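**Student:** One structure follows; several queries about it will come next.
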Amino acid sequence: MVLLSNNLYHVYNQGNNKQTLFFDDKDYEYFLKNVEEFLKPHCNILSYCLMPNHFHFLLDITEKSVIKMRLGGIEIDNVTNAFRKILSNYTQQHFNQKYNQTGSLFRQKTKSKCLSCDDLGSYGFVCFQYIHQNPYKADLVQKLEDWEFSSFKDYAGFRKNTLCNQDLAFQYINFSNTDFYNEAYNVIDEANIKKIFQ
């Protein structure tokens with residue numbers, strides 16, 4: 001990923017050949033524990049959703065996020081390295097052992113789309129809503145708050161979680177917590193959804 005500081009990014013990846021990444025609650029929980037350990041110290045997480053075969057994050061990339069380090073023969077920034085650690089740790093220390101698998105689990109490159117570059121400033125809100133609507137649109141739940149593995153429940157007040165920087169999200173995305181629940185179900189235009197992907 002190529003990330004620029006002081007910008008919003010949609011970051012996402014999926015299983016190789018769209019294979020399932022998370023089979024049970026423990027799988028999701030292990031992945032989120034790694035997100036808290038490796039990613040949260042390097043950026044502001046504004047929203048997230050883990051789906052059975054893919055994931056989405058909306059991130060505020062800071063100066064700290066893009067500090068480079070040398071890893072073997074390459075230079076890599078803190079956030080890209082955090083995702084490398086999350087995916088590697090989840091695959092090798094959890095998934096492959098638990099399910100008696102070998103090899104890679106995720107697509108090789110985690111993708112990112114800058115939402116505050118190229119006049120896409122208004123797409124932070126689109127991405128925020130899209131991420132939360134994923135399980136609902138996939139018919140995994142009847143209500144958005146029924147999906148345990150997204151930040152929706154936190155914003156809607158059904159759960160207290162410290163993974164997301166909610167105050168910053170309200171500033172960036174320009175919505176109020178009183179309108180949040182009703183607006184969360186608004187249909188997003190497909191043309192706008194395309195703009196939050198690479």
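The values are calculated or read from the model by the stated rules, or taken from the named source; none is laboratory data. Everything numeric here is computed off the predicted structure, so don't read it as measured data. Every residue, glycine as well, gets a Cβ built from its backbone with ideal geometry; the counts of neighbours run over all protein chains shown.
**Student:** Would you kindly identify the helices (runs of 4 or more DSSP H) lying entirely within the stretch 135-196 that contain at least 1 residues that are of a type in the set (D, E) and more than 19 Å from the chain's Cα centre (by Cα)?
**Tutor:** In the stretch 135-196, the matching helices (runs of 4 or more DSSP H) lie at 180-183, 190-194.
**Student:** Let me ask another. Consider the stretch 22-79. How many of its residues are of a type in the set (F, W, Y), more than 27 Å from I193 (Cβ to Cβ) and in contact with a Pro (Cβ under 9 Å, 6 or more places away or on another chain)?
**Tutor:** 1
**Student:** For residues that are under 14 Å from V35 (Cβ atoms) and in contact (Cβ under 8 Å) with a residue 60 or more places away in the chain, tally how many sit in the stretch 86-105.
**Tutor:** So the answer is 3.
Quick grid of which residues meet (1) within 13 Å of the chain's Cα centre (by Cα); (2) of a type in the set (A, V, I, L, M, F, W, C); (3) over 29 Å from I173 (Cα atoms):
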{"position": "Y9", "(1), (2), (3)": "yes, no, no"}
{"position": "D27", "(1), (2), (3)": "no, no, yes"}
{"position": "C43", "(1), (2), (3)": "yes, yes, no"}
{"position": "H56", "(1), (2), (3)": "yes, no, no"}
{"position": "K64", "(1), (2), (3)": "no, no, no"}
{"position": "I76", "(1), (2), (3)": "no, yes, no"}
{"position": "L105", "(1), (2), (3)": "no, yes, yes"}
{"position": "K111", "(1), (2), (3)": "yes, no, no"}
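**Student:** List the pairs whose first member sits in the stretch 24-39 and is more than 17 Å from T162 (Cβ to Cβ) and at pLDDT 95 or above, whose second member is part of a helix (DSSP H, G or I) and aromatic (F, W, Y), and whose Cβ atoms are under 8 Å apart, counting only residues at least 6 apart or on separate chains?
**Tutor:** Filtered contacts from the stretch 24-39: D27/F95; Y30/Y90.
**Student:** Could you list, in sequence order, all residues of the stretch 145-186 that are loosely packed, with under 13 Cβ neighbours inside 10 Å, β-branched (V, I, T) and at pLDDT below 85?
**Tutor:** Of everything in the stretch 145-186, just one residue is loosely packed, with under 13 Cβ neighbours inside 10 Å, β-branched (V, I, T) and at pLDDT below 85, namely T178.
**Student:** Which numbered condition trips up Y136, out of (1) aromatic (F, W, Y); (2) in contact with a Phe, Trp or Tyr (Cβ under 8 Å, 6 or more places away or on another chain); (3) within 19 Å of L39 (Cβ to Cβ)?
**Tutor:** Unmet condition: (3).
**Student:** So which residues in the stretch 1-17 are farther than 14 Å from N44 by Cα and either touching a His at 6+ places or on another chain (Cβ under 8 Å) or acidic (D, E) (or both), if there are any at all?
**Tutor:** Y12, N13, Q14, G15
**Student:** Another question about this same structure. Considering only the stretch 91-100, I want to know if a residue exists there that is surrounded by fewer than 13 Cβ atoms within 10 Å (Cβ to Cβ) and either part of a loop (DSSP other than H, G, I, E, B) or in contact with a strand residue (DSSP E or B) (Cβ under 6 Å, 6 or more places away or on another chain) (or both).
**Tutor:** yes
**Student:** What are the residue pairs meeting all of these: first residue in the stretch 65-78, first residue farther than 16 Å from L3 by Cα, second residue of a type in the set (K, R), Cβ atoms under 7 Å, and 6 or more apart or on different chains?
**Tutor:** none
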